Amino acid sequence: SLLLLFSFLSIAVLIYTAVRSAIISIGRNPLAAKAIRRGLYQVTLVALVILSAALLASYLILTL
């Protein structure tokens, strides 16, 4: 459905920009790698929440 396509697209953009930004940040300041890694974990958690919400919403739309 369109909802899943939109959510997958937004998750892909979110993860791509987070990883790109993290790589650039580590390149500029290698001592901040721990904080940058923690930020990546948070972005991953947000992406999983978005994915689960989209899957649940799609399931509810298709079954009701």
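The values are calculated or read from the model by the stated rules, or taken from the named source; none is laboratory data. What you see is a predicted model; the values in this text were computed from it and never measured. A quick note on method: Cβ atoms are made from the backbone with ideal geometry, for glycine too, and the neighbour counts reach across all protein chains shown. Side chains included, ligands, DNA and RNA excluded: accessible areas come from the protein's heavy atoms. Shrake-Rupley method; radii C 1.70, N 1.55, O 1.52, S 1.80 Å.
Considering the range 1-50, the residues that are of a type in the set (S, T, N, Q) and part of a helix (DSSP H, G or I) include one that is least open to solvent (accessible area, probe 1.4 Å), namely SER7.
Applying the criterion of being of a type in the set (A, V, I, L, M) and surrounded by 10 or more Cβ atoms within 10 Å (Cβ to Cβ) to the residues of the range 51-64, the residue that is nearest to the chain's Cα centre (by Cα) is LEU51.
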